[in-house]
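Heads up, the thing below is written out as structure tokens.
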Amino acid sequence: MFSGVCGVAVIWFTSVVDDAPNKPEVVMTPVAAEMLQHADSFLEALSDSQRLSAQKSFDDTSRTDWTFFPRVRDGLELADLQDNAAAFASAEALLDCGLSDSGAKTAADIRRLDPQEDHGGGVRLGPDRYAITIFGQPSSGKRWGWRVEGHHLTLNWTIEAGRVVSVTPMAFGISPFVDQAGEPQVLAEDQQAYVDFLGTLDNETRAAAKRDGPMPGEVPGVGKARPESGGRVGIRFSALSEAAQVAAWKLLDTVYDRLDPELTWMRRASARAQAEDIFFSWSGTGLAFRPNAYRIEGKDFTFDFVNAQDAGNHVHTLYREGPRDFGQEIPSWTRVASDQFFTEGPVWFPPSTLLFSDMRFDGSAGHIVSLNETGKLQRLWSSPKVANGLMFDGEGRLWACLFGHGTLASFAWQDGALVDERAEIPGYQGQRFLKTNDLVFDASGGLWFTDPLFGRKAGEQPVMGVYYRRPTGEISLVVEDLNRPNGIMLSPNEETLYVLPSSGSSGFAYDIMAPGVVTNRRAFGKVPGGGDGMTVDAQGNVYLTSGRLRSVVVVNPAGEEIDRIGFPGGPSNVCFGGPANRTLFVTAGDSVYAVPRKQPGWIFPGSRPEG
């Protein structure tokens with residue numbers, strides 16, 4: 001089933017990797033494009049000697065040699081740019097990249113408040129003693145990175161193939177924590193969220209979460225290329241009361257709030273999908289403006305807050321993402337939703353919402369579920385009609401194949417809610433369909449959809465078919481000789497129709513002669529045992545789901561396999577979305593996965609909601 005990833009509300013930046021005419025263009029995500037722009041401007045404005053200090057090879061060992069303690073810094077300090085206005089302006093712009101507005105302000109305040117001190121031996125502190133290093137050559141297609149490092153602040157970024165693949169290690173700190181009036185200078189949200197969270201815990205839970213032994217004097221693992229695990233001790237997020245869980249997520253959100261929204265969507269969703277494996281532990285007094293320490297640790301991240309020095313007036317925080325630090329290991333997929341029943345029909349609504357179906361097969365209610373930038377799952381619609389494939393039309397209405405009812409319906413999408421349900425296609429020739437399954441709109445607004453049979457009939461059609469509905473409402477039976485036609489897709493030029501049955505060993509391709517008229521059926525792609533939903537990217541490659549292979553099989557327009565993406569469970573459907581339309585969302589079993597791709601998904605003109 002195609003995703004309605006249309007009208008994506010992001011800017012697409014393209015840059016040709018080389019002069020080879022057949023090389024696809026790299027579509028950069030907005031944050032990566034911004035980093036490239038300012039890193040290029042920064043390097044171009046430097047003198048030759050400054051550039052030698054500021055730029056190192058990507059594999060230079062100093063890339064993973066980091067700290068936020070006072071030391072002689074590698075790279076080029078802001079102090080070295082006082083006589084180079086262009087380079088200084090580019091450096092200031094680069095320092096804000098990847099951060100939210102509030103995150104950029106916090107980083108700027110940390111620099112501004114750093115005291116001017118000379119510790120001797122070339123170790124100096126102060127607002128202009130923060131050093132920038134570019135690792136590798138900034139590029140839209142290749143791997144590179146950059147870092148800013150100084151007292152109480154280090155930010156490390158790795159960019160590959162036009163997207164940011166690593167944001168860690170990320171350290172923020174401040175001393176003194178409070179000013180002369182007794183107010184926090186920065187990082188007040190971290191302390192307040194912590195105190196609020198502790199206040200939601202009963203005595204037994206609070207005691208279970210408290211670490212044994214003395215309070216740590218420092219965040220662990222400073223300077224190490226790989227973070228240290230604390231053994232995930234304490235209390236699980238999933239074991240908390242409802243009120244405590246709300247406060248716990250707010251506490252973790254103080255970390256994600258520092259990053260640009262483009263970089264937080266998947267992190268928030270991933271964290272909520274692994275609540276069973278996230279632990280909170282604490283030590284110290286549990287009181288504001290007193291010595292305290294806490295850790296939040298998941299399977300693939302840690303966040304530490306330590307206020308141990310100067311009688312609780314000196315804060316260090318550190319966020320890490322395990323082997324993903326410095327882009328050392330990049331996962332092929334990220335689970336962004338879990339604990340559903342059977343996920344299907346993903347569709348993206350720009351700028352930041354994924355919708356999908358959570359199906360039932362026993363007559364109970366299925367659901368249409370949303371996942372937005374908060375990482376929270378929300379049921380928008382529930383009915384025993386059971387939605388399957390979903391897609392937006394050109395007017396921004398969400399269409400749903402009502403698998404359990406043998407019809408198609410549409411909804412208005414307003415302020416994150418589904419309203420105004422309409423029965424759009426009640427049936428064909430007076431009868432409801434068997435099990436309406438999947439759909440795709442063409443440029444004219446015509447709708448192609450499939451109607452297989454699984455289990456009990458919802459309607460009484462004599463054949464399992466592929467249908468076409470004209471914008472004027474007329475419906476025609478297009479294909480009636482396939483067993484269980486399931487996924488359906490168009491090529492980007494809309495000259496080819498693809499159908500993926502849930503039986504057999506391949507999909508099928510047809511030439512489109514006219515709207516609702518096809519010819520020249522031929523096998524397309526190899527999918528043993530049949531498949532399910534599918535989508536297409538901007539290069540015309542087709543993504544076929546295979547439950548038997550537990551994979552998404554990627555084939556080129558000739559039907560030749562060029563990639564295979566494996567998952568823990570059998571995929572049922574796919575769509576593109578996310579920043580620059582470069583994330584492949586895959587429904588599989590009780591979960592939804594996000595897969596970064598180099599090529600963006602195709603945006604169909606017939607499905608272009610405003611966003």
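Rule-based calculations on the coordinates, nothing more; no lab input. Given the structure is predicted, the values throughout are model-derived calculations rather than measurements. Positions of Cβ are backbone-derived with ideal geometry, glycine not excepted, and every protein chain shown enters the neighbour counts.
Helix 261-273 and the longest principal axis of the C-alpha atoms of the chain enclose an angle of approximately 80°. Helix 188-199 and the longest principal axis of the Cα set of the chain meet at an angle near 70°.
Annotation for Val463 and Asp59: the two label points, set 7 Å from Cα along the Cα-Cβ direction, are 6.0 nm apart. Of the GluC sites (Glu not before Pro) found in region 379-460, those in coil by DSSP whose Cβ has at most 16 other Cβ atoms within 10 Å are Glu395, Glu460.
Taking the Cα atoms of region 66-137, the ratio Rg/Rh between the radius of gyration and the Kirkwood radius comes to 0.96.
Averaging 1/r across all pairs of distinct Cα atoms in region 387-500 and inverting the result yields a Kirkwood radius of 14.1 Å.
Residue separation of Asp202 and Lys250 scaled by 0.36 nm, minus their Cα-Cα distance, works out to 15.5 nm of gained length. Taking every Cα-Cα distance in region 160-230 and sorting them into 10 Å bins starting at zero, the pair-distance distribution P(r) comes out as 13, 29, 38, 17, 4 percent. Taken one residue at a time, the phi angles of region 381-386 give Karplus couplings (6.51, -1.76, 1.60, θ = phi - 60°) of 7, 9, 6, x, 5, 6 Hz. Gly and Pro are set to x. Cα centroids of region 335-395 and region 236-305: 26 Å apart.
Equivalent-ellipsoid semi-axes for region 449-531 (Cα gyration tensor, √(5λ), whole Å, largest first): 20, 19, 9.
Seen against the Cα atoms of the chain and their longest principal axis, helix 242-256 is set at about 70 degrees.
Normalised by residue count, the chain yields a Cα convex hull volume of 159 Å³ per residue. Along its three principal directions, the equivalent ellipsoid of region 404-447 from the Cα gyration tensor extends over semi-axes of 21, 15, 9 Å, largest first. Quick one: grab the alpha carbon gyration tensor of region 104-240, order the square roots of its eigenvalues as a ≥ b ≥ c, and give me rounded if a/c is under 1.5, else prolate or oblate depending on whether a/b is larger than b/c. Note, shape of region 104-240 comes out oblate.
Which net charge results when you count Lys and Arg as +1 and Asp and Glu as -1 among the other residues whose beta-carbon is under 9 Å from that of Phe342? My count for the surroundings of Phe342 gives -2. All C-alpha pair distances within region 168-290, sorted into 10 Å bins from zero, spread as 11, 38, 41, 10, 0 percent across the bins. Checking every one of the trypsin sites (Lys or Arg not before Pro) in region 124-181 against DSSP loop status and a limit of 16 other Cβ atoms within 10 Å picks out Lys142, Arg143.
Reducing region 424-476 and region 70-109 to their Cα centroids gives an inter-centroid distance of 58 Å.
Cross-link pairs exceeding 27 Å between alpha carbons, from the set Lys457/Lys526; Lys56/Lys250; Lys526/Lys598; Lys105/Lys210: Lys457/Lys526; Lys56/Lys250; Lys105/Lys210. Computed from the C-beta positions of Ala412 and Ser49, the FRET efficiency with R₀ = 60 Å rounds to 0.45. Across region 281-436, the convex hull enclosing all Cα atoms gives 182 Å³ per residue.
FRET efficiency for Val195 and Arg456, Cβ-Cβ distance as r, R0 = 51 Å, nearest 0.05? Once the sixth-power term is evaluated, E becomes 0.40.
The Cα atoms of region 329-371 give a gyration tensor whose axes a ≥ b ≥ c have a/c of 1.5 or more with a/b no greater than b/c, which makes the shape oblate. Can you work out the PRE-style zone for Ile330? Point 7 Å along Cα to Cβ, and I want the residues of region 98-116 with backbone N under 20 Å. Within reach of a label on Ile330: 98-99.
Of all GluC sites (Glu not before Pro) in region 502-611, which ones are in loop regions per DSSP and have a Cβ with at most 14 other Cβ atoms within 10 Å? Those satisfying the criteria are Glu560, Glu610. Each semi-axis of the equivalent ellipsoid for region 457-611 is √(5λ) with λ an eigenvalue of the Cα gyration tensor; in descending order they amount to 24, 19, 16 Å. Estimated from helical segments only, the mean residue ellipticity of the chain at 222 nm is -5000 deg cm²/dmol, where each DSSP H run of four or more residues counts as -39500 (n - 2.57).
Using only the Cα atoms of region 292-344, build the gyration tensor, take square roots of its eigenvalues as a ≥ b ≥ c, and label the shape rounded, prolate or oblate: rounded if a/c is under 1.5, else prolate if a/b is larger than b/c, else oblate. Judged from the Cα gyration tensor, region 292-344 comes out oblate (a/c at least 1.5, b/c at or above a/b).
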